[in-house]
Amino acid sequence: MIRATKKTADLRGREVAFQGLRTYRLASRNHDVIKRVRRLRRRTYRDREGRFLVEGPNLLNEAASSGANIRELLYLPDRSFEADLIRGRLTEKPQCFEINAELLGWISDVVTSQGIVGVVDLLDRSYEDVVTGGLSMAIVADQVRDPGNLGALVRIADATALDTFMVTAGSVDPYNSKVVRSAAGSHFHLPIVRNVDMLEVTSDLRASGVRVLGLDSHSGSDYLGIDYTGPVVFVVGNEAFGFSEADRAAMDGTVRIKMPGRAESLNVAAAAAVVLFEALRQRKAV
């Protein structure tokens, strides 16, 4: 690695040449880039900037493969090779910053960092585009608050090839870093629509001939007795409180998983996986 002989004025960091691509070496928490990237841990700032954090070479490679816009890469010196591979795959080259472990720990919210973080444009799709485009099978996460659960739901939606993943305004942000890690790259594989209104989406879907079924742990029809071969959207509710009475009344019905054991219920992600793979099985059999 070759150090430049003078500082770069606009970035106030040392410029480094790495295999013909420009990199900047940063060493202070007070640097504007470091402060700005750290702020992306907050939802309000992610929404304002239209960007989110993606950590680790695997997730960043998924982002690159999907065509996502990776704006910046920040990484430890021993991750330079991975950074070069990632930016080498991109038409629009991200700005790159080599940082030390202390700065990476300041940016990241994980105990053991993977050594590289990317700043990526949000992947949001508009509600109108998704709903008016015709849905075959999709999911709505209504008031789901746990990041691990929401990330698992995104991953399950990806695994079952759903048309889209919708999230109501009261849910945890899909671009929360814990959600992104839990989804393991699935953010880059399916359309995500945030901040939908439950009553609006239920009304619009039913008017277009799409059935809306809620997953309920205590009431509803046995999920094995339902025909899922037509257009259908599944709704999973809050982990503790389920659906509001207004939301329940707006749906076509609810389904439940009968459990012979003593467990009271499955968590929302496990229940969604059971029902969605049954729906997928039926559709493949038609």
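Measuring from a point 7 Å past the Cα of Thr132 along Cα-to-C-beta, which residues in the stretch 201-239 have an amide N at less than 18 Å? In the stretch 201-239, the label zone of Thr132 (backbone N under 18 Å from the point 7 Å along Cα→Cβ) covers 201-210. Bridge orientation summary for the chain: considering DSSP beta bridges with both residues in this region, about 40 percent are antiparallel. Proximity of backbone amide H atoms, modeled 1.01 Å from N, is registered between Arg51 and Leu122 at under 5 Å, excluding neighbours fewer than 5 places apart on the same chain.
How about the stretch 81-164: which trypsin sites (Lys or Arg not before Pro) there lie in a loop by DSSP and see at most 15 other Cβ atoms within 10 Å? List each step's numbers first, then the result.
Details: sites: Arg87, Arg89, Arg125, Arg145, Arg155; in loops: Arg89, Arg125, Arg145.
Counting only loop positions with at most 15 other Cβ atoms within 10 Å, the trypsin sites (Lys or Arg not before Pro) in the stretch 81-164 are Arg89, Arg145.
State which stretch of the chain is the longest one without any exposed GluC sites (Glu not before Pro), exposure meaning a DSSP loop state and at most 10 other Cβ atoms within 10 Å.
Values: sites that count: Glu92, Glu264.
Here the longest run is 93-263.
Residues in the stretch 192-217, backbone N under 16 Å from the label point at Met259 (7 Å along the Cα-to-beta-carbon vector): list them, ranges by number please. In the stretch 192-217, the label zone of Met259 (backbone N under 16 Å from the point 7 Å along Cα→Cβ) covers 215-217.
Roughly how many nanometres apart are two label points built 7 Å out from the Cα toward the Cβ at Lys284 and Ala240? Taking the two extended label points, one gets 3.8 nm. Label sites at Ser66 and Asn267, each approximated as a point 7 angstrom past Cα along Cα to Cβ, lie 2.1 nm apart. Over the stretch 127-285, what is the percentage of antiparallel beta bridges among all DSSP beta bridges, to the nearest 5? Just about 5 percent of them are antiparallel.
How high is the FRET efficiency between Phe277 and Ala184 when r is their beta carbon distance and R₀ equals 22 Å, given to the nearest 0.05?
On the way: r = 18 Å, r/R0 = 0.80.
Efficiency, from the Cβ-Cβ distance: 0.80.
Restriction of the chymotrypsin sites (Phe, Trp or Tyr not before Pro) in the stretch 215-286 to DSSP coil positions whose beta-carbon has at most 16 other beta-carbons within 10 angstrom yields Phe241. Specify whether the C-alpha gyration tensor of the chain places it in the rounded, prolate or oblate class, a ≥ b ≥ c being the square roots of the eigenvalues: rounded for a/c under 1.5, otherwise prolate if a/b is larger than b/c and oblate if not. Prolate.
Kindly identify the stretch 75-131 as rounded, prolate or oblate by the Cα gyration tensor criterion: order the square roots of the eigenvalues as a ≥ b ≥ c, call it rounded if a/c is under 1.5, otherwise compare a/b with b/c, prolate if a/b is larger, else oblate. Please list the in-between numbers first.
Details: a/c = 3.28, a/b = 1.63, b/c = 2.01.
Oblate is the answer for the stretch 75-131, as a/c is 1.5 or above yet b/c matches or exceeds a/b.
Under 10 Å, Cα contacts only: if you run a Gaussian network model on the chain, which one of Val172, Val210, Val144 comes out with the highest mean-square fluctuation? Answer for the Gaussian network model of the chain: Val210.
Laboratory data are not the source of any read-out in this text; all were calculated from the coordinates shown. Remember, it's a predicted structure, so these values are computed and weren't measured experimentally. Ideal geometry is used to build each Cβ from the backbone, glycine not excepted, and the neighbour counts take in all protein chains shown.
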